Amino acid sequence: MEFLLDLRQRAAWGGMLLYVVSAIYVCYLGVRGALPVPVWNALFWIILLFAAFNALVRSFQREDAGRQVYLYTLAGPRSVVLARTLYNALTMLVLSLLSLLFYVLFLGTDALGEAQVGQFVLVVALGGVGLAAVLTLISAIAARAGSGLGLMAILGFPVVLPMLLSVMRASKGALDGLPWSVNSTYVLWIVALDVLTVALAWLLFPYLWRD
Amino acid sequence: MRHWWKLLGAVLVVGASITALRVPLAPALVHSSADRLAPGEQAFRITGYNTHFDQSVRPYVWLATDDAKFCATTVQVEGTGSLSATFDIPNGLGGQLAHLVVFSPTDGVLPLYDAVWTGDGGTPLPDRNCDVTPLAMKPFDFSFPNRSLLYETIRNLNFHVPMWFTMMLLQLVAVVYSVRTLRSNSLRDDDAALQAVNVSLLFAALGLITGSIWARATWGAWWTNDTKLNGAAVTTLIYLAYLVLRGSVPEPSKRARLAAIYNIFAFVLMLVFVMVLPRLTDSLHPGNGGNPAFSQYDLDDQLRLVFYPAVLGWMLVGTWAFTLKLRLSRLEHALDENDR
C-alpha cells in the first residue's frame with residue numbers, strides 16, 4: 001500500500017487548525033463561565049464535526065485528472081481508498097486531540113470534574129477516526145459530482161449522524177464517570193461501525209473511480 | 001389474473017382501514033375517584049370506558065392484592081360508564097398497592113392496576129371473601145385492547161407501523177436496483193432505484209405524520225428525542241440527500257453510478273443504526289429500553305387480525321405505486337427519445 005502524504009500541504013493543515021481554534025475561541029467569547037456537562041459535550045462535537053467536514057472535503061479534490069490516472073494505475077482503487085481513509089483517520093486523530101487540548105484550555109475543565117479522562121480521550125480519538133472513515137467515501141462522491149462543501153455537508157450529515165450520536169453518548173458517559181464495563185458497549189459499537197464503514201468504502205470505491 | 005395482487009392489496013388496505021377505525025375498544029376502567037385508603041366508610045366513584053354497568057346484574061367491586069380480595073359493601077350503578085362502590089376500611093392498613101377490580105357478566109373482569117395505595121406501614125389488606133368468582137366469561141366480542149395512555153389511539157398501529165414497513169420494503173428494492181446499476185451500468189436500473197426512493201419518501205412522510213399525531217396524543221409532544229425518531233429522521237434525510245445528489249450531477253451515467261454508491265453506503269449504515277442502536281439505548285417505543293413489545297401482550301389476537309392484513313395490504317399498494325411510477329417514467333423517457 002502506498003502512502004499519499006499530503007503533509008507538505010502545510011497551508012491546508014494550518015487552515016484546519018486555525019478553523020478549530022477560531023471556532024473554539026468564538027465559543028469561549030460567547031459562553032463566559034462554566035458550561036453544564038451536556039452542553040460542553042455537545043459543543044465540542046459540533047465543533048469537531050464541522051472541522052471534520054472542512055478538513056476532509058479536500059481529500060479528493062486536490063487530485064487533478066493526470067495525477068488521478070497515475071495513482072490509480074500505480075496502486076489500484078482499493079489501495080487508494082484504504083490509504084486515503086488511513087491518512088484521513090490520522091488527520092482527524094491529530095485534529096481531534098488538538099481540538100480537545102484547545103477546548104480544555106479555553107473552556108475550562110469544569111466538565112471534566114467527574115470524568116473518566118482516559119475513557120473520554122479514547123472516545124474522542126475513536127470518534128475522530130470514525131468521522132474520517134465515514135466522510136472519506138462521501139468526500140469522494142462529492143468530488144466526483146464536481147461540487148464542494150455544500151454537497152458534501154448534505155450527503156454527509158445523515159450518514160455521519162449514527163456515528164455522531166453514538167460518539168456523543170459514549171463521551172457523555174465518560175464525562176459522567178460511568179465505569180468502563182457500562183460504557184464499553186458504546187465504544188465497541190463505535191469500533192464496529194468504523195470497521196463496517198471502511199469495509200463498505202473498500203467495496204464501493206472501485207465503482208466510483210471508473211469512468 | 002396477472003394483477004390479482006394489486007386487487008388484493010387494495011382490498012386489504014380498504015378493509016383493514018375501515019375495520020381499524022370501526023372496531024370498538026374493549027371495556028376498561030379508566031379512573032377511580034380516590035387513590036388512597038382511609039379508615040372507615042369510603043366511597044369510590046369508578047369511571048369505565050365502553051362498559052355496560054347498567055345492563056346486567058349489579059357488578060361486583062373489590063380491591064385485590066396478590067393474596068387478598070377485599071369486597072365493597074355496597075355498589076351503586078350510576079350509568080353505563082360510572083358506578084360508586086363503598087368500602088368499609090379497617091384501621092391500621094398500610095404498605096400495599098392494590099388493584100381495583102370490577103366484574104360484571106357483560107364486560108367481564110376489568111382491573112385498574114395499582115389503583116390504590118393503602119398508606120405507609122401497617123398490616124396488609126385482609127381477605128374479606130365475598131364469593132366472587134368470575135363465573136361467566138364475557139361473550140366473544142371483537143374489540144381492540146384498551147390500554148391506559150393509548151386508549152383509542154391504539155387504532156393508529158394499523159396505519160403508522162405499515163407505513164414504515166412499506167417504506168423499508170421500497171428502500172430495499174431501491175438498494176437492490178442500485179447494486180444492479182453498479183453491475184450492469186444500465187440507466188433503466190438506476191431509474192427503477194430512483195422511483196423506489198420517490199415512493200418510499202411518500203411512505204416516510206405518511207409514517208412521520210401518523211407518528212407525530214400519535215406521539216402528541218400519548219407522549220405529549222409532536223417530536224421527542226427518541227432513537228426510533230432519530231432513525232426516522234436519518235432515513236428521510238438520507239433519501240432527500242440522495243435526490244440532491246442526483247440533482248447536482250448532469251451526466252446520466254455518472255449520476256447513476258454516484259447515486260447507486262451513495263444509496264448502498266447510506267442504506268447499510270442506516271439499517272445498522274435503526275436495527276442496533278435502539279437496542280443499546282432507551283426508547284419510548286414498545287419493545288425497546290425495557291418497554292414491553294406490542295407482541296408481548298398489547299398486540300392481542302384481535303388487533304393482529306387487523307394489523308397483519310394492513311401491513312401486507314400497504315406493502316402491496318406501495319409496490320403497485322412503485323411499478324406505476326416506473327412505467328410512467330419509462331414512458332416519459334421513451335417520449336423524450338422520440339422527440340429527439
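Yes/no matrix, rows are residues, columns are (1) under 15 Å from residue B:267 (Cβ atoms); (2) part of a loop (DSSP other than H, G, I, E, B); (3) more than 10 Å from chain A (Cβ to nearest Cβ):
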position: B:197; (1), (2), (3): yes, no, yes
position: B:201; (1), (2), (3): yes, no, yes
position: B:209; (1), (2), (3): no, no, yes
position: B:213; (1), (2), (3): no, no, yes
position: B:217; (1), (2), (3): no, no, yes
position: B:224; (1), (2), (3): no, yes, yes
position: B:228; (1), (2), (3): no, no, yes
position: B:235; (1), (2), (3): yes, no, no
position: B:247; (1), (2), (3): no, no, no
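Here are some residues: B:56, B:82. Which one is of a type in the set (Ser, Thr, Tyr) and at pLDDT 85 or above?
Being of a type in the set (Ser, Thr, Tyr) and at pLDDT 85 or above holds for just one of B:56, B:82, which is B:82.
Please verify whether the stretch B:263-274 includes one or more residues that are part of a helix (DSSP H, G or I), at the interface with chain A (Cβ under 8 Å from one of its Cβ atoms) and at pLDDT below 80.
yes
Out of the stretch A:183-211, which residues are aliphatic (A, V, I, L, M), in contact with a Gly (Cβ under 7 Å, 6 or more places away or on another chain) and either more than 8 Å from chain B (Cβ to nearest Cβ) or within 15 Å of residue A:118 (Cα to Cα) (or both)?
Selection gives A:190 alone.
State all residues of the stretch A:107-123 that are touching a residue at least 60 places away in the same chain (Cβ under 8 Å) and hydrophobic (A, V, I, L, M, F, W, C); if no residue qualifies, say none.
A:107, A:111, A:112, A:115, A:122, A:123
Starting from residues that are touching a helix residue (DSSP H, G or I) at 6+ places or on another chain (Cβ under 6 Å) and more than 8 Å from chain B (Cβ to nearest Cβ), keep the ones in the stretch A:143-152 and report whichever is farthest from residue A:50 (Cα to Cα).
A:143
The values are calculated or read from the model by the stated rules, or taken from the named source; none is laboratory data. These numbers were taken from a predicted model, which means no experiment stands behind them. A quick note on method: Cβ atoms are made from the backbone with ideal geometry, for glycine too, and the neighbour counts reach across all protein chains shown.
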